[in-house]
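Asker: Let me give you the structure first, and then I'll get to my questions.
Read the figures in this text as sums done on the coordinates, not as results from a lab. The structure displayed is predicted, hence computed values, not measured ones. Ideal geometry is used to build each Cβ from the backbone, glycine not excepted, and the neighbour counts take in all protein chains shown.
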Amino acid sequence: MYRRQIEEYLTHYQPELKAELLKEEMFQTYLDDKAQAMQTAKQEILERMTTEMSQLQRELEADQLVREIFLPV
């Protein structure tokens, strides 16, 4: 998925870099490395988001319980 996006990006926004990578026969390696880095970053972001959302959910539930204890309706 990311390989195609990287290739399209290079084609449209960094054609000089793409040409240089092709000339030096490093294009496929570059795509592989960047795609792997993007996938790793995505996993790290998802893990952080899950942790943050879980923490937020815990805080919201704790706030609700405190209100129920101290401010019963």
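Asker: If you add up the charges near Leu22, with Lys and Arg at +1 and Asp and Glu at -1, over every other residue whose beta carbon is less than 12 angstrom from its beta carbon, what do you get?
Answerer: Values: positive: Lys18, Lys23; negative: Glu7, Glu16, Glu20, Glu24, Glu25.
Net charge around Leu22: -3.
Asker: When the chain is fully extended, how far beyond the present Cα-Cα distance does Glu44 get from Met26, taking 0.36 nm per residue of separation?
Answerer: Details: separation 18, 0.36 × 18 = 6.48 nm, distance 2.69 nm.
That pair, Glu44 and Met26, stretches by 3.8 nm at full extension.
Asker: Report the Stokes-Einstein translational diffusion coefficient (µm² s⁻¹, integer) for region 2-70, Rh taken as the Kirkwood radius over Cα pairs, at 20 °C with viscosity 1.002 mPa s.
Answerer: Numbers: Rh = 15.1 Å.
Using the Kirkwood radius from Cα pairs, D works out to 141 µm²/s.
Asker: I'd like to know which of Ala41, Met53, Gln28 lies farthest towards the positive end of the charge dipole of region 2-70, counting +1 on Cβ of Lys and Arg and -1 on Cβ of Asp and Glu.
Answerer: Toward the positive end, the furthest listed residue is Gln28.
Asker: With only Lys, Arg, Asp and Glu charged, each at its Cβ (+1 for the first two, -1 for the last two), find how big the charge dipole of region 2-70 is about the Cα centre; round to the nearest 20 debye. Spell out each step's value before the answer.
Answerer: Working: 9 positive and 15 negative charges, 26 e Å.
So the magnitude is around 120 debye.
Asker: Return the calculated 222 nm mean residue ellipticity for the chain, to the nearest 500 deg cm²/dmol, obtained by summing -39500 (n - 2.57) across DSSP H runs with n ≥ 4 and dividing by the residue count. Spell out each step's value before the answer.
Answerer: Working: 3 runs with 65 residues, N = 73.
My calculation for the chain gives -31000 deg cm²/dmol from helical runs alone.
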